[in-house]
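The values are calculated or read from the model by the stated rules, or taken from the named source; none is laboratory data. Since we're looking at a predicted model, the values are computed, not measured. All Cβ positions, glycine included, derive from the backbone under ideal geometry; neighbour counts span all protein chains shown. Surface areas here come from the heavy atoms of the whole protein model, side chains and all, with no ligands, DNA or RNA. Shrake-Rupley method; radii C 1.70, N 1.55, O 1.52, S 1.80 Å.
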Amino acid sequence: MSHQKSFQYADLLSVLERVVDIMSAPDQYSYPSVFIYGHRATGKSHVVLSIMKDLELPHASVDCVECVSSGLLFHQVLSAFFGPDAAALLPRCPSLSDFVRLYKQMSSNSPATQTRYIILDRAERMRDMDFSLLPALLRLQELVNDNVTVILLSEIVWEKFRPNTGCFEPLLFHFPDYSKGKSLVQILSWDHHPSYTPELYASYINILLGVFFSVCRDLRELRHLAVLNFSKFCEPLEKGEAKESDIHKLWKNIEPHLQRAMQTVYLREVSSVQWEQQQMDEKEATTLRVLSAHAHIELPYYSKFLLIAAYLASFNPARTDRRFFLKSHGKIRKTNFLKKHEKTSNHLLGPKPFPLDRLMAIFYSVVDSRVAPTASVFSQISSLVTLQLLSQVGHDDQLDSPKYKCSVSLDFILAISRCVCVCVRLLDLLALSLVIQSQVVRQERSLFTAVSNLHLL
Amino acid sequence: QDRCGCVLMMLCDGVCVQAQKLLRERLCHQKLPDQPVGLDSQYKHLLELLRRTAVHGESNSVLIVGPRGSGKTMLLGCVLRELMSLKEAQKNVLLVELNGLLQTDDKIALKEITRQLHLENVVGDKVFGSFAENLAFLLEALKKGDKSSSRPVLFVLDEFDLFAHHKNQTLLYNLLDVSQSAQTPVAVLGLTCRLDVLELLEKRVKSRFSHRQIHLFSSLSFAQYLDVVRAQLSLPPDFPDPKFSDEWNHSKLCEDKTVEEILRRNFNGSKDFRSLHSLLFLAVSRVSVSHSTLREADLIEAWRLISVDSKANVLHGLSILELCLIIAMKHLNDTYDGEPFNFQMVHNEFKKFIQRKSHSIHKFEKPVVMKAFEHLLQLELVRPVDSGVCKVQREYQLMRLMLEHGQVMEALQRYPQCPTDVKQWALSAFVHIM
């Protein structure tokens, strides 16, 4: 495996040389702190830990996500350098002062013959810990008077770490990302299945990258997708419908499958187990149960109308209600339809809050039969709030005139209104609100005629 | 793996190793120089003050103020070294060193003082008693003495401004109070990087402070700076191999035009020695047996590493979809003069581009675009306006782009295999506004 890993380094040889140069004199002092940044899965932790193991340098590797409190960090560092007995000397809730004092004691008993390294992975979490932890660790060499270097690994750039009044600036190194042609294909090809040729796998990887590379470059995601979909790719080969050299046929088979994977597995809407199962029994054409609500939520009849009414109330300005929902509204004046501040489409700014009365008014005009205002109708509003399809705005104990906001998207509403046997009028209303929102103000005249035609229905 | 082994073996060659060791101690470990450069008046002032406390028993308080890396700790270290070489001071003076980063609380600070002074309520390492008891004990111990019979105590408070954030500033008040009253000779030395540190002190604490400040503002000219660089890189005369050190010292590195240009740019950026040390260290670390003199290429390489824009590096590794989102956000910034935007607006811009101008970018579904947007959020290239509680849906939460127009355009130039329609789209904004 090590030759494979060293091949990987070909891309970042120059960075690697610099880092090794810094660590290449273990019995001498090294720079007190080093900061290495780069995208996810570019090999930062792997490279640094491999160097430590190969050069056999004393190191303590800590993942900052695990360190809920700074005491855990201190414990791990002390036990890595001086053994668990030293770590046991730490008091109950150790402060930084205790840690430094104990470290000084221990290192005076056993001074460092080689540079000690503290490696802090996912160091961006340290910004949320104690405010003095990061500046103190950056100058740890000076504080404990020992040959120790702190290496920080992170995804986020150094400028976002710097404390307000400044600190000791570490050396910065960037781990470059993978290029498509040279490194990424080669790395992904290492996972090839033993029963097929590497060339076949390489062509599979190229097809996969053709679909996914423009969306995502994370090596871990791509590997996961490659592993999940390979069996589907090989299906025609197993069934005997194609040979290994029929790349075009294999591509035609796998490409729609990969597109579907992008909608589901890539977004974690379905789990990998579900995805693999679905590949096996695809003949039954079962639809995948996705996580997101809009595919499979079931609402009572009036709740659907309430939700549609809520959407209309959120996204149409209140002035236009009269025009849309009253049967007769008198003269239509050719005023400037939309006020200036409403020109930026409401669909972009988000839903607006509306009072309960307005919701009920729109509801009564939208629903296609006479509905009595009973408690069952009103209780459906609170269940919609519980389902988080509506959200309540304002204080909880404001019983008088509660205000709501619609928290679902247009796709969901369209899906619902298709399920409900609603007449054309409703769909037109929705379409009309869309047209109005998209700033087509010049076509006022035709719009007015359209609106008046609607109300004649 | 083999390469690491090779490097180690090569460096086990005597002379280079020694040279490296010396230079590393100077550049990394911040070894105290024999005489601080360019700080003579401050040095004399501080030494005189401390001598008066240590030898003549006068109480004093002083603040050393200077930006990060200007040499405060170094100055103090040199002064203390000279002070301790005086015979009268050596036997008498007690030194207590506190640091605002470590002693984040008055309780911890008090325990540390008690420990360092080896008072009677310390057994081994553990300090007994509550905060009030410790404080009373310490004050009694300090107030009992007088000029002639008790030992002078020097309190050094590093990151002095952090002590001013403790509750009621108890520690500062008591220490300065003792330094004002004629009891045990006490010197309180504060080191801080904040120029406005006196504003942080309470009125009662400020009045007990002697308002003596020593400012460290570097007044080096560029020629003096070059001299300093030469001095930092030169090996001392007592180096074991005189031939090597001669050759090294006469390398004429600083006379080279490009090197001087680099040093001038560094000097224009910041005059302090810390940034110089990091630049020199990166260059010095390349020295090995096969490469036994410091060359211009090393310094140029080191400068390139230091002066790179880290956000540009991050942008280089984004996917095409994420890059398109960034360009869409840049357009929104240009059109709306930096007003915050939300995901819906960005998606809208992106859709406009896909429909009208794009040939190479596939039409992605909204959840896929949302995932790319969330990746940008994780990288902190985009930040929500009110970080924290969000009662708004994710798509409508207002955000700001943390990149400048110029950074985006430059990143586009360097982006590998960027489709031409994407580039055209990015450049088209100017026409759109005008």
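In the set A:Asp27, A:Asp63, A:Asp54, A:Asp85, only one residue is among the charged types (D, E, K, R) and under 18 Å from A:Arg125 (Cβ atoms); that residue is A:Asp63. If the condition is being over 23 Å from A:Ser214 (Cα atoms) and facing another protein chain (nearest Cβ under 8 Å), then region B:289-335 contributes B:Leu305, B:Ile306, B:Val308.
Has region A:72-89 got at least one residue that is within 30 Å of B:Leu379 (Cβ to Cβ) and within 11 Å of another protein chain (Cβ to nearest Cβ)? Scanning region A:72-89 turns up no residue that is within 30 Å of B:Leu379 (Cβ to Cβ) and within 11 Å of another protein chain (Cβ to nearest Cβ).
Here is a yes/no grid of residues against (1) surrounded by fewer than 18 Cβ atoms within 10 Å (Cβ to Cβ); (2) modelled with pLDDT under 85; (3) more than 26 Å from A:Arg139 (Cβ to Cβ); (4) not hydroxyl-bearing (Ser, Thr, Tyr):
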{"site": "B:Asp125", "(1), (2), (3), (4)": "yes, yes, no, yes"}
{"site": "B:Phe131", "(1), (2), (3), (4)": "yes, yes, yes, yes"}
{"site": "B:Glu140", "(1), (2), (3), (4)": "yes, yes, yes, yes"}
{"site": "B:Lys147", "(1), (2), (3), (4)": "yes, yes, yes, yes"}
{"site": "B:Lys167", "(1), (2), (3), (4)": "yes, no, no, yes"}
{"site": "B:Asn174", "(1), (2), (3), (4)": "no, no, yes, yes"}
{"site": "B:Asp177", "(1), (2), (3), (4)": "yes, no, yes, yes"}
{"site": "B:Pro185", "(1), (2), (3), (4)": "no, no, yes, yes"}
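Among what's in region A:178-223 and is open to solvent by 30 Å² or more (accessible area, probe 1.4 Å) and within 14 Å of chain B (Cβ to nearest Cβ), pick the residue that is farthest from A:Val157 (Cα to Cα). This residue is A:Gly210.
The residue that is farthest from the other protein chains (Cβ to nearest Cβ), among those in region A:21-55 that are without any contact (Cβ under 8 Å) to a residue 60 or more places away in the chain and either among the acidic types (Asp, Glu) or open to solvent by 20 Å² or more (accessible area, probe 1.4 Å) (or both), is A:His46.
Every condition in (1) modelled with pLDDT of 85 or more; (2) open to solvent by less than 50 Å² (accessible area, probe 1.4 Å); (3) among the polar types (S, T, N, Q) holds for A:Asn346 except the one numbered (1). Take B:Asn121 and decide whether it is under 28 Å from A:Thr165 (Cβ atoms), of a type outside the set (D, E, K, R) and open to solvent by 10 Å² or more (accessible area, probe 1.4 Å). No, not satisfied. If you go through region B:324-363 and pick out every residue that is more than 44 Å from the chain's Cα centre (by Cα) and not in a helix (DSSP H, G or I), you end up with 6.
The single condition from (1) more than 11 Å from chain B (Cβ to nearest Cβ); (2) open to solvent by 30 Å² or more (accessible area, probe 1.4 Å); (3) of a type outside the set (D, E, K, R) that A:Gln263 fails is (1). Residue pairs whose Cβ atoms lie under 7 Å apart, sitting 6 or more positions apart in sequence or on different chains, and linking a residue in region B:267-289 that is under 16 Å from B:Thr73 (Cβ atoms) to a partner that is hydrophobic (A, V, I, L, M, F, W, C), are B:His277/B:Leu27. Kindly check whether there is at least one residue in region B:383-396 that is outside any loop (DSSP other than H, G, I, E, B) and either at pLDDT 90 or above or away from every other protein chain (no Cβ under 12 Å) (or both). For region B:383-396, residues outside any loop (DSSP other than H, G, I, E, B) and either at pLDDT 90 or above or away from every other protein chain (no Cβ under 12 Å) (or both): present. Summed over region B:415-434, the residues that are part of a helix (DSSP H, G or I), at pLDDT below 85, closer than 13 Å to B:Phe353 by Cβ and open to solvent by 30 Å² or more (accessible area, probe 1.4 Å) give a count of 1.
Within region B:336-352, the set of residues being closer than 19 Å to B:Met409 by Cβ and either more than 14 Å from every other protein chain (Cβ to nearest Cβ) or not hydrophobic (A, V, I, L, M, F, W, C) (or both) comprises B:Tyr336, B:Asp337, B:Gly338, B:Glu349. Applying the criterion of at least 2 residues that are under 30 Å from B:Arg265 (Cα atoms) and under 26 Å from the mean Cα position of the chain (by Cα) to the strands (runs of 3 or more DSSP E) found wholly in region B:137-253 leaves B:186-192, B:213-215.
Has region A:149-157 got at least one residue that is at pLDDT 90 or above, facing another protein chain (nearest Cβ under 7 Å) and open to solvent by 20 Å² or more (accessible area, probe 1.4 Å)? Checked region A:149-157: at least one residue is at pLDDT 90 or above, facing another protein chain (nearest Cβ under 7 Å) and open to solvent by 20 Å² or more (accessible area, probe 1.4 Å). Please work out which one of (1) more than 10 Å from chain B (Cβ to nearest Cβ); (2) part of a strand (DSSP E or B); (3) surrounded by fewer than 20 Cβ atoms within 10 Å (Cβ to Cβ); (4) not charged (D, E, K, R) is the condition A:Leu172 fails and give its number. Here A:Leu172 meets the rest and fails (1). Selection over region B:364-380 of residues that are within 27 Å of A:Thr264 (Cβ to Cβ), part of a loop (DSSP other than H, G, I, E, B) and at pLDDT 90 or above gives a count of 1.
Exactly one residue out of B:Ala109, B:Ala141 is in contact (Cβ under 8 Å) with a residue 24 or more places away in the chain and in contact with a strand residue (DSSP E or B) (Cβ under 8 Å, 6 or more places away or on another chain), and it is B:Ala109. The number of residues in region A:97-127 that are closer than 18 Å to A:Ala87 by Cα, assigned to a helix (DSSP H, G or I) and within 14 Å of chain B (Cβ to nearest Cβ) comes to 12. Taken as a whole, region A:62-74 holds no residue that is over 30 Å from A:Leu222 (Cα atoms) and charged (D, E, K, R).
Can you confirm whether region B:4-26 contains a residue that is at pLDDT 75 or above, at the interface with chain A (Cβ under 8 Å from one of its Cβ atoms), open to solvent by less than 30 Å² (accessible area, probe 1.4 Å) and not in a helix (DSSP H, G or I)? Within region B:4-26 (the criterion being at pLDDT 75 or above, at the interface with chain A (Cβ under 8 Å from one of its Cβ atoms), open to solvent by less than 30 Å² (accessible area, probe 1.4 Å) and not in a helix (DSSP H, G or I)), the answer is no, since none of the residues qualifies. Does region B:293-309 contain at least one residue that is buried (at least 18 other Cβ atoms within 10 Å of the Cβ) and in contact (Cβ under 8 Å) with a residue 60 or more places away in the chain? There is at least one residue in region B:293-309 that is buried (at least 18 other Cβ atoms within 10 Å of the Cβ) and in contact (Cβ under 8 Å) with a residue 60 or more places away in the chain. Output the residue which, of all residues in region B:87-109 that are more than 8 Å from every other protein chain (Cβ to nearest Cβ) and part of a strand (DSSP E or B), is most open to solvent (accessible area, probe 1.4 Å). So the residue we want is B:Glu97.
Entry remark, region A:56-68: residues being in contact (Cβ under 8 Å) with a residue 24 or more places away in the chain and away from chain B (no Cβ under 11 Å) number 9 in total.
Counting only residues that are closer than 16 Å to B:Gln393 by Cα, open to solvent by 40 Å² or more (accessible area, probe 1.4 Å) and hydrophobic (A, V, I, L, M, F, W, C), region A:392-409 holds 1 of them.
The listed residues are A:Pro135, A:Pro163, and the only one of them that is modelled with pLDDT of 90 or more, open to solvent by 10 Å² or more (accessible area, probe 1.4 Å), closer than 30 Å to B:Gln30 by Cβ and more than 9 Å from chain B (Cβ to nearest Cβ) turns out to be A:Pro163.
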